[in-house]
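Notes follow the structure.
The values are calculated or read from the model by the stated rules, or taken from the named source; none is laboratory data. Since this is a predicted model, take the numbers as computed values, not measurements. Here the Cβ positions follow ideal geometry from the backbone for every residue, glycine too, while neighbour counts run over all protein chains shown.
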Amino acid sequence: MDTDTRKSTRRQNAMFSTIAERYDLVNDLASMGQDRLWRRAAVRALETTRGGSLAGLHILDVACGTGASSRALANRGADVIGCDIADGMLAVACRRETDGSRVNRHGIRRGEVRYVAADAMRLPFADGEFDAVTVSYGLRNMPYPEVALAQMRRVCRPGGRIVVLDFDMPDDLLWRAVYTRYSTVMLPLLGGLIGGGADAYRYLNASIAQWPGRHGVMAMLRETGWHDVAARPLSGGIASLCRAVA
């Protein structure tokens, strides 16, 4: 597995803190709004086993970034701890967490969200503390993703679930060529013009190209003790959703 020095916790903290303020906006623009649909798919992947609600679940959202995924889980009733290595990302997440309506439009009580600075490879939580674990767009940026997945397995109760959402590469060669060209040009361009860090977005684009995608994630999940592993591509394979049981 790639252990690029840019994946050190110190470099990750600095890089992601630099782009935190406009990170969600760049993601929305670069994905043409698909990012929001993918996050909803990640929430639904947990809801399908819970009758359409996450009420009462205690969920750990690893590499939570600006908290978009943590808030999506809380809006479906879960109590969430979001953790991230980047102080700047967590600062944005805390600022966006409001004390608004505690009931969503579906009549579900909104869960509580708490943010914690933590390294995914050394999670400061007890064994079996969580009912489920999620990680969105963060696993591929970790120096040793297998170590992080083993830690997530440790803190998830037996029978609990994990959902891993990340970018992928299309299997169709023509679609892959189009997507690769688009992402190579647009992601650094938007990152430079809007996100405040073209170099950071060049790195992110390169990390997607080097990532083994859903097939690699499924193998890592099995190797770290997860079972009933499954995956599905999203938007023609430019992203994917992997699921497993502790």
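In the range 124-149, what count of residues is obtained for those that are more than 15 Å from GLY216 (Cα to Cα) and among the small types (Gly, Ala, Ser)?
4
Only one of LEU29, LEU60 is surrounded by fewer than 21 Cβ atoms within 10 Å (Cβ to Cβ), touching a residue at least 12 places away in the same chain (Cβ under 8 Å) and farther than 12 Å from ARG76 by Cα. Can you tell me which? Talk me through it step by step, then tell me what you get.
Working: LEU60 fails: surrounded by fewer than 21 Cβ atoms within 10 Å (Cβ to Cβ).
After applying the criteria, what remains is LEU29.
So if I check each of ASN13, ASN27, which one is within 13 Å of the chain's Cα centre (by Cα) and modelled with pLDDT under 80?
On the way: ASN13 fails: within 13 Å of the chain's Cα centre (by Cα).
From the options ASN13, ASN27, the qualifying one is ASN27.
Mind telling me which of the residues ARG140, ARG161, ARG157 ends up being part of a strand (DSSP E or B), among the charged types (D, E, K, R) and in contact with an Asp or Glu (Cβ under 7 Å, 6 or more places away or on another chain)? Please lay out each step first, then the result.
Details: ARG140 fails: part of a strand (DSSP E or B); ARG161 fails: in contact with an Asp or Glu (Cβ under 7 Å, 6 or more places away or on another chain).
Testing whether each residue is part of a strand (DSSP E or B), among the charged types (D, E, K, R) and in contact with an Asp or Glu (Cβ under 7 Å, 6 or more places away or on another chain) leaves just ARG157.
Can you confirm whether ARG76 is in a loop (DSSP other than H, G, I, E, B) and at pLDDT below 70?
On the way: in a loop (DSSP other than H, G, I, E, B): yes; at pLDDT below 70: no.
Judged against the criteria, ARG76 is not a match.
Scanning for something in a loop (DSSP other than H, G, I, E, B) and among the acidic types (Asp, Glu), does the range 169-191 turn up at least one residue?
Just the residues of the range 169-191 that are in a loop (DSSP other than H, G, I, E, B), to begin with: 169-172.
If we keep only those that are among the acidic types (Asp, Glu) too, we end up with 171-172.
Checked the range 169-191: at least one residue is in a loop (DSSP other than H, G, I, E, B) and among the acidic types (Asp, Glu).
Return yes or no: is THR98 assigned to a loop (DSSP other than H, G, I, E, B), closer than 30 Å to PRO143 by Cβ and at pLDDT below 95? Steps first, please.
Numbers: assigned to a loop (DSSP other than H, G, I, E, B): yes; closer than 30 Å to PRO143 by Cβ: no; at pLDDT below 95: yes.
So THR98 fails the test.
Looking for something touching a Pro at 6+ places or on another chain (Cβ under 9 Å) and either at pLDDT 90 or above or not polar (S, T, N, Q) (or both) - is there at least one such residue anywhere in the range 80-91? So that I can check it myself, show each step before the final result.
Step one: filter the range 80-91 for residues touching a Pro at 6+ places or on another chain (Cβ under 9 Å), giving 83.
Now restrict to residues that are either at pLDDT 90 or above or not polar (S, T, N, Q) (or both): 83.
Yes, the range 80-91 contains at least one residue that is touching a Pro at 6+ places or on another chain (Cβ under 9 Å) and either at pLDDT 90 or above or not polar (S, T, N, Q) (or both).
Looking only at the range 30-43, count how many residues are modelled with pLDDT of 90 or more, touching a strand residue (DSSP E or B) at 6+ places or on another chain (Cβ under 9 Å) and not hydrophobic (A, V, I, L, M, F, W, C).
Selection size over the range 30-43: 1.
When the range 41-73 is examined, which residues are found to be within 12 Å of the chain's Cα centre (by Cα), part of a helix (DSSP H, G or I) and not hydrophobic (A, V, I, L, M, F, W, C)?
Within the range 41-73, SER69, SER70 qualify.
Within the set of pairs 6+ apart or on separate chains, which have a first residue in the range 168-186 that is closer than 17 Å to ARG214 by Cβ, a second that is among the hydroxyl-bearing types (Ser, Thr, Tyr) and in a loop (DSSP other than H, G, I, E, B), and C-beta atoms under 6 Å apart?
Once the first residue is closer than 17 Å to ARG214 by Cβ and sits in the range 168-186, no partner that is among the hydroxyl-bearing types (Ser, Thr, Tyr) and in a loop (DSSP other than H, G, I, E, B) comes close enough.
Output the residues belonging to the range 235-246 that are modelled with pLDDT of 95 or more and assigned to a strand (DSSP E or B).
Taking the range 235-246 and keeping what is modelled with pLDDT of 95 or more, we get 240-246.
Residues satisfying the conditions are SER240, LEU241, CYS242, ARG243, ALA244, VAL245.
From the set of residues in the range 122-148 that are surrounded by fewer than 18 Cβ atoms within 10 Å (Cβ to Cβ) and of a type in the set (A, V, I, L, M), which is nearest to GLY213 (Cα to Cα)?
VAL147
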